[in-house]
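Report on the structure given below.
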Amino acid sequence: MGTFIGHVYPGLFLILYGLYQAIVVSKAVIFKDSLLDPSCHPTNKGRWARLWKISYRGLLKMVTGSILIAYEISCIKGGLVLMNRQLPPRFLYPKEWQHLTMFILLTLNGCVDVMSRNLLPQRCVLLEKGSLVLTFYVLLLLLVSHVQDTTGIELQIHYLLILVVFLLMLVLTIELWTPDTFQLLLIEAFLFLMMGSWLMQAGFILYRPVTGYPWQDDDISDIMFVTTFFCWHVMINALCLLGIYGLSALWHRLQSGFLGANQLAASPFSSSHTLLSFSHQFLDSFGH
C-alpha cells in the first residue's frame with residue numbers, strides 16, 4: 001500500500017462502495033422501502049431471480065480484498081517474510097504486514113456478508129453489522145500504529161484519515177442498535193466517500209504530486225493546505241450525496257409519469273370514455 005496504486009485502488013473501491021450505499025439509501029427513502037432489504041427483485045420468479053438475492057457487496061469486498069492481498073505480496077521482492085534469520089531475529093516489513101492485515105479483514109468481511117445473505121437460512125443483519133464494526137475497530141488500531149515513524153505531510157494526511165475512520169466506527173457502532181435509520185446510513189455513505197476520496201488524494205500528494213515537485217515537510221503552508229484539501233473533499237462529497245438524491249428523485253418522478261401515461265393509454269375504457277364524453281358535449285351544444 002506504500003505506493004501510488006496501493007492508495008488509489010483501495011480509495012476507488014471505497015468510493016464505489018459509498019456511491020452504491022448512497023444510491024440504495026436514496027432509493028429506499030424515495031420509494032419508502034426498507035433500508036436493510038430494498039425491493040429490487042425482478043417480476044419473474046424463475047432461475048434468474050436468484051441472481052438478485054446474491055450479496056454483490058460481499059462479493060465485491062472478497063474480490064477487491066483478494067486482489068489487494070496479491071498486489072501487496074507481489075510488491076516485496078523475495079516474498080513477504082515475517083522475520084529474518086539473524087540472531088536475535090527481527091520482524092521485517094511491519095507496514096506491509098499491517099496493510100496485509102487490513103486487506104485480509106476486508107476479504108473476511110465480504111465472506112461474512114455472503115454467508116449471511118446466501119448461505120444462512122435467514123439473513124442475520126446483526127452479524128453483518130458486527131463484522132463490519134469489528135473490522136473498523138481493528139483498522140483504527142492499525143492506523144494509529146501505522147503513523148509511529150511518520151512526520152510532516154504524511155503524518156497530517158494519516159491524522160485526517162484516522163479522524164474519518166474513527167467517525168465511521170462510531171456510526172457503525174450505533175447502527176448495531178438502530179440499523180434501519182436513514183440519517184445514520186446517509187452519514188455512513190458520506191464517510192465511505194470521504195475515506196475513499198482522501199485515500200486517492202493521499203496517493204497523489206505523497207507519490208504523484210500534480211506540480212511534479214514533492215511536498216515539503218518543513219513548509220507550514222504545505223501542511224496547512226493538506227487540511228484545506230480535506231475540507232474541499234468534505235464539501236465535494238456532500239454535494240455528491242445531494243446530487244445522487246436529486247437525480248434519484250428526478251428519475252422516480254419521470255418513471256412514475258411514464259408509467260402513469262402508459263397505464264392511461266392501455267386502459268380499455270379510456271378511449272371509449274373520451275369519445276362518449278365528446279359526443280355528449282357535441283349533442284348538448286346542438287340542444288342549446
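For the stretch 112-186, rounded, prolate or oblate, judged on the Cα gyration tensor with a ≥ b ≥ c (square roots of eigenvalues), a/c < 1.5 rounded, else prolate if a/b > b/c?
prolate
How large a share of the accessible area of the stretch 39-198, in percent, is made up of carbon and sulfur atoms when the probe is 1.4 Å and the other protein chains stay in place?
Ligands and nucleic acids excluded, carbon and sulfur reach 69 percent.
If packing is taken as the average count of other Cβ atoms within 10 Å, what order do 128-135, 224-231 fall into, highest mean first?
128-135, 224-231
How much accessible surface does Ile54 have with a 1.4 Å probe, in Å² rounded to 10?
Its accessible surface works out to 50 Å², give or take rounding.
How much accessible area per residue does the stretch 106-203 have, counting only protein heavy atoms and a probe of 1.4 Å, in square angstrom?
Roughly 44 Å² per residue, with all protein chains present.
Can you bin the stretch 80-235 into rounded, prolate or oblate? Criterion: square roots of the alpha carbon gyration tensor eigenvalues sorted a ≥ b ≥ c, rounded for a/c under 1.5, prolate for a/b above b/c, oblate for the rest.
oblate
The values are calculated or read from the model by the stated rules, or taken from the named source; none is laboratory data. Bear in mind that the values here come from a model prediction, so they are computed numbers and not experimental data. Please note: Cβ atoms are built from the backbone with ideal geometry, for glycine as well, and neighbour counts cover all protein chains shown. Only protein heavy atoms, including side chains, enter the accessible area calculation; ligands, DNA and RNA are left aside. Shrake-Rupley method; radii C 1.70, N 1.55, O 1.52, S 1.80 Å.
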